Amino acid sequence: MEDRYKPQEIEARWQAYWEENEIFRVESEGKDRHYYCLEMFPYPSGKIHMGHVRNYSIGDVIARYKKMRGYSVLHPMGWDAFGLPAENAAIQRGIHPKTWTIENTNYMRAQLKKMGFSYDWSREVTTCTPEYYRWNQWFFLRMFERGLAYRKSSFVNWCHSCGTVLANEQVLDDDRCWRCDSRVVQKELDQWFLKITAYADELLEGCEVLTGWPERVTTMQRNWIGKSEGVEVDFPVEGLDEPLRIFTTRPDTLFGVTFMSMAANHPLASVLTGDKAGLQRVRECYGDIQAKEGVFTGHYARNPLTGERVPIWVANFVLMEYGTGAVMAVPAHDQRDFEFGRKYGIDVKVVIQPEGEVLAPATMTEAYVDPGILVNSSDFSGLGSEEAKGRIMDHIEGQGLGRRKLNYRLRDWGVSRQRYWGTPIPIVYCDTCGTVPVPDEQLPVLLPEDVDLTGGGSSPLARHEAFVRVNCPVCAKPARRETDTMDTFVDSSWYFLRYTGQPSDRPLDSTQVSRWLPVDQYIGGIEHAVLHLLYSRFFTRVVRDIGLMEVDEPFRNLLTQGMVIKDGAKMSKSKGNVVDPDHLVGHYGADTARLFALFAAPPEKDLEWSDKGVEGAHRFLHRVWALVFRHSGNSGEFEPGALEGAGRAIFRKTHQTIKKVTLDIDRDFHFNTAIAALMELTNDLTNFSPATAPDRGVMRFALERLILMLSPFAPHIAEELWGGLGTARTSVSQAPWPSWDEEAAREDEIELVVQINGKVRARAMVPAETTEETLKSIALSQEKVVEALRGKPPRRVIVVKGRLVNVVV
């Protein structure tokens with residue numbers, strides 16, 4: 001081996017070796033243990049960033065480690081390739097989205113290979129190819145057959161300036177268009193939905209078995225599903241036979257209702273509202289939770305519990321998609337109602353008082369929303385609010401005024417997108433036959449490439465006559481295709497299944513899915529906690545119910561890695577604090593980039609960028625290289641039991657390091673502490689000067705194991721050093737992970753810390769197997785302890801065996 005570490009030379013050589021020899025191609029046959037390691041696949045935006053480097057380095061350590069532990073490891077990669085950025089880039093650059101996407105995937109694939117990630121590229125998936133999105137359409141049709149895919153009128157985000165629908169992620173926090181900064185409003189359009197609510201209970205119950213997921217993520221999913229028990233109550237409407245039905249989880253506030261509010265698209269809104277201009281104004285800001293816009297209908301309802309007459313308003317913040325589309329408004333005990341009521345001069349009636357206080361409606365500056373004691377609530381006054389909820393619901397059911405009901409915050413998944421670059425929805429509209437699914441044998445419905453992309457108006461597909469005009473699959477009469485495309489979250493909701501096998505005649509290989517699913521370790525950002533992860537759990541259950549597999553949950557374990565922070569903020573182009581991985585790899589090498597990303601912080605914590613940290617990682621690899629070069633010729637026989645002095649200490653330290661690194665990876669993926677242990681061992685080996693044949697044998701023993709343990713973190717240098725020691729009959733990644741001997745790892749002596757009242761006052765070296773009584777005696781004989789006791793017995797002596805003795809005086 002050469003005397004100097006030249007990362008760029010060795011990294012290119014070993015990357016070529018891995019690819020040519022298909023080192024990471026999955027070999028599942030003949031293996032008893034399988035392990036599926038998966039990082040969330042990227043959108044091909046053009047270049048990978050440091051967040052990618054960190055995410056994929058974490059996964060690569062796990063995959064390489066498991067391979068060395070004897071598992072057959074599936075570690076694939078692909079591209080979440082449909083979506084708005086490609087379409088917008090095409091408009092801005094005058095190129096086709098397909099061209100832009102393919103160029104980006106080619107560039108990013110080369111970047112990932114330069115990082116040395118151990119992917120099985122033979123299983124690569126690209127979601128914008130007909131070979132993939134054909135099966136999006138197939139799943140849609142199966143859901144349509146089961147009533148899980150349906151079409152209805154719904155409100156969407158609409159930008160008047162751009163003349164197009166915007167996805168939620170394109171609407172800025174202040175309800176403005178991300179492209180032109182114009183105000184975004186709600187517009188009613190026909191949309192396709194997937195009935196995720198049919199699985200609400202199962203998705204909620206499934207959270208209980210996700211013990212390998214962060215509690216924060218399962219809590220977010222429970223809250224998003226939002227199961228709540230409440231009561232439905234009918235409020236009679238004056239002059240109408242039809243009542244206004246509401247759902248509430250706060251029956252304890254029913255006596256405080258001072259007005260009713262309904263959604264602008266409630267069936268009764270147009271019937272009751274005389275001020276049509278006012279109704280239109282409310283509709284234009286429908287769903288805008290920041291604004292509090294309303295119009296009085298001119299009609300009244302009766303509170304069924306009190307008989308009081310309450311005005312009916314239409315309010316922009318009431319959603320038809322939640323509950324019944326109408327709510328009872330209690331300004332005293334709901335902040336949104338309070339703000340609306342103050343704006344329009346509506347009465348405030350207090351029915352819950354905090355204990356020991358008296359709220360006055362005229363002087364209240366905000367709603368009181370916490371538990372308390374009921375007042376002004378007929379026979380229920382004096383009850384605590386929690387007890388009153390149950391008592392009032394019993395009363396409502398007993399009097400026939402309503403019924404208990406479970407409700408969910410979760411809404412059905414709207415998958416229609418009025419954009420081009422996505423999966424065409426496989427539906428045909430026929431004047432004779434109605435809504436007709438495209439037959440399986442006509443799949444895929446191909447996305448035409450000769451489209452006019454303007455970024456405005458309706459979907460480009462709606463203007464493509466050759467695409468739109470089609471004969472009805474049932475009656476053969478002229479018909480028209482659906483021109484919406486699918487939400488790209490559909491693509492990412494089952495890609496992990498396709499990685500297990502890619503048959504041409506069906507979406508997945510059931511045998512391979514049963515072998516690999518659920519994914520043993522999934523890795524990605526916390527920002528995907530609800531949408532992608534919830535949709536994937538839903539899709540998995542649908543695929544199960546179609547009969548293609550028996551798995552309930554897609555991901556057994558989930559790791560949500562922290563962000564990469566620089567100058568106190570998340571790296572982003574807009575902040576000017578981005579570090580280019582290409583520059584890092586070109587200057588220091590991929591192993592340094594990987595090592596820094598893994599060493600700087602535990603995986604689940606944010607990583608603070610540090611140029612000094614990168615330099616430190618690079619210096620460490622140089623030190624390892626120099627160490628192996630200096631001792632590469634060392635060899636010698638030794639008997640562990642006959643080792644003495646420094647050789648014995650190195651042998652013990654090596655076993656201790658193997659144990660620590662193994663447990664740190666196995667237990668919590670604490671790669672930072674594992675790498676720290678490798679640095680400690682390197683320091684000890686650097687200071688070790690083997691003079692005898694046994695000592696030289698110990699040095700070689702330690703170096704071999706150091707390289708094996710380093711290889712998941714910095715695989716290129718490990719391969720080169722493995723060969724430098726003359727052990728390279730195979731790739732280091734194909735070598736077995738080292739094991740430790742518990743007896744060999746045990747210390748001969750330990751440093752005993754002696755405390756007085758919790759403060760360190762002395763230290764002493766003692767045999768590792770010293771009994772507890774002897775440890776007490778040693779501690780009590782220390783000079784400073786004797787001085788503190790002054791001849792009196794201690795109040796208490798606490799022994800933490802192997803670590804310390806605390807004398808309480």
If you stretched the chain out fully between ILE565 and ARG69, how much longer would it get, using 0.36 nm times the residue separation minus the C-alpha to C-alpha distance? 175.2 nm
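Using unit Cβ charges (K, R positive; D, E negative) and no other charged atoms, how large, in debye to the nearest 20, is the dipole of the chain about its Cα centre?
Numbers: 96 positive and 110 negative charges, 200 e Å.
My answer is approximately 960 debye.
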Heavy-atom accessible area per residue - segment 228-406, 1.4 Å, Å²: 44 Å²
Students sometimes get this wrong: rank PHE651, PHE671 by accessible area, probe 1.4 Å, all chains present, largest first. PHE651, PHE671
Taking only the alpha-carbon positions of segment 228-406 as identical scatterers, the Debye log10 I(q)/I(0) at q = 0.14, 0.18 Å⁻¹ comes out as -0.72, -1.19
Taking a cut-off of 27 Å between Cα atoms, list the lysines near LYS349, but don't count ones fewer than 8 places away on the same chain. LYS292, LYS389, LYS405
Computed from the coordinates I sent, Cα Rg over 2.2 N^0.38 Å equals one of [x] 1.38; [y] 1.11; [z] 1.20. Tell me the label. [z]
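Classify segment 619-680 as rounded, prolate or oblate from the Cα gyration tensor: take a ≥ b ≥ c as the square roots of its eigenvalues, call it rounded if a/c is under 1.5, otherwise prolate when a/b beats b/c and oblate if not. Walk me through the intermediate numbers first.
Values: a/c = 2.78, a/b = 1.32, b/c = 2.11.
Here segment 619-680 falls in the oblate category.
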Segment 1-152, dipole about Cα centre (Lys/Arg Cβ +1, Asp/Glu Cβ -1), debye to the nearest 20: 560 debye
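Assuming R0 = 22 Å, can you tell me the calculated FRET efficiency for the pair ARG667 and SER739, based on Cβ-Cβ distance, to the nearest 0.05?
0.85
Which value, in debye to the nearest 20, gives the size of the charge dipole of segment 749-808 about its Cα centre, when Lys and Arg are +1 and Asp and Glu are -1 at the Cβ?
Details: 11 positive and 7 negative charges, 88 e Å.
That gives a dipole near 420 debye.
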Using helices alone, I'd like the mean residue ellipticity at 222 nm for the chain: each DSSP H run of four-plus residues gives -39500 (n - 2.57), total over residue count, nearest 500. -11000 deg cm²/dmol
Among PRO507, GLY298, SER739, whose Cα lies farthest out toward the positive end of the dipole of the chain, if unit charges sit on the beta carbon of Lys, Arg (+1) and Asp, Glu (-1)? SER739
What is the set of long-range amide H partners of LEU74 at a cut-off below 5 Å, with H atoms built 1.01 Å from backbone N? TYR35, TYR36, CYS37
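Take each of the peptides 33-44, 347-358, average the number of other beta-carbon atoms within 10 Å over its residues, and list them starting from the highest.
On the way: 33-44: 21.0, 347-358: 15.4.
Ranked from most to least packed, the peptides come out as 33-44, 347-358.
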Starting from one equal scatterer on each C-alpha and no solvent at all, send me the Debye-based log10 I(q)/I(0) for segment 375-449 at q = 0.19, 0.20, 0.22 Å⁻¹, two decimals. -0.98, -1.04, -1.11
Could you sort SER632, SER739 by accessible area so the largest value comes first, with the probe set to 1.4 Å? SER739, SER632
The long-range amide H neighbours of ARG176, using H built 1.01 Å from N in the peptide plane and a cut-off of under 5 Å, are VAL184
Please identify the DSSP H helices in the chain that span no less than 18 Å along the helix axis (Cα) and have a mean Kyte-Doolittle hydropathy of -0.5 or more. 50-68, 531-546, 611-631, 671-686, 693-710
Ordering of 8-18, 788-798, 527-537 by burial proxy (mean other Cβ atoms within 10 Å per residue, highest first): 527-537, 8-18, 788-798
Taking 56 Å as R0, compute the FRET efficiency from the Cβ-Cβ separation of SER228 and LYS759 and round it to 0.05. 0.60
For ARG498, ARG619, ARG146, give me the order by solvent-accessible area with a 1.4 Å probe, most accessible first, ignoring ligands, DNA and RNA. ARG619, ARG146, ARG498
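Considering only protein heavy atoms and a probe of 1.4 Å, how much of the accessible area of the chain is carbon and sulfur, as a whole percent? Please report the intermediate quantities before stating the final value.
Values: 16890 of 35430 Å².
The C+S portion of the solvent-accessible surface of the chain is 48 percent.
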Sort 71-78, 464-471 for me by packing, meaning the mean count of neighbouring Cβ atoms within 10 Å per residue, highest on top. 71-78, 464-471
Report, ordered by chain and residue number, the lysines lying within cross-link reach of LYS570, taken as a straight Cα distance under 29 Å and ignoring same-chain residues fewer than 8 apart. LYS47, LYS113, LYS114, LYS605, LYS612
Write down the accessible area per residue of segment 666-809 in Å², having rolled a 1.4 Å probe over the full set of protein chains. 50 Å²
Taking Cα pairs closer than 8 Å and at least 6 residues apart, the relative contact order of segment 221-362 in percent is 27 percent
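The values are calculated or read from the model by the stated rules, or taken from the named source; none is laboratory data. Just so it is clear, the model here is predicted, and its values are computed rather than measured. All Cβ positions, even for glycine, are placed from backbone atoms using ideal geometry, and neighbour counts span all protein chains on display. The area values use the complete protein model at the heavy-atom level, side chains included, leaving out ligands, DNA and RNA. Shrake-Rupley method; radii C 1.70, N 1.55, O 1.52, S 1.80 Å.
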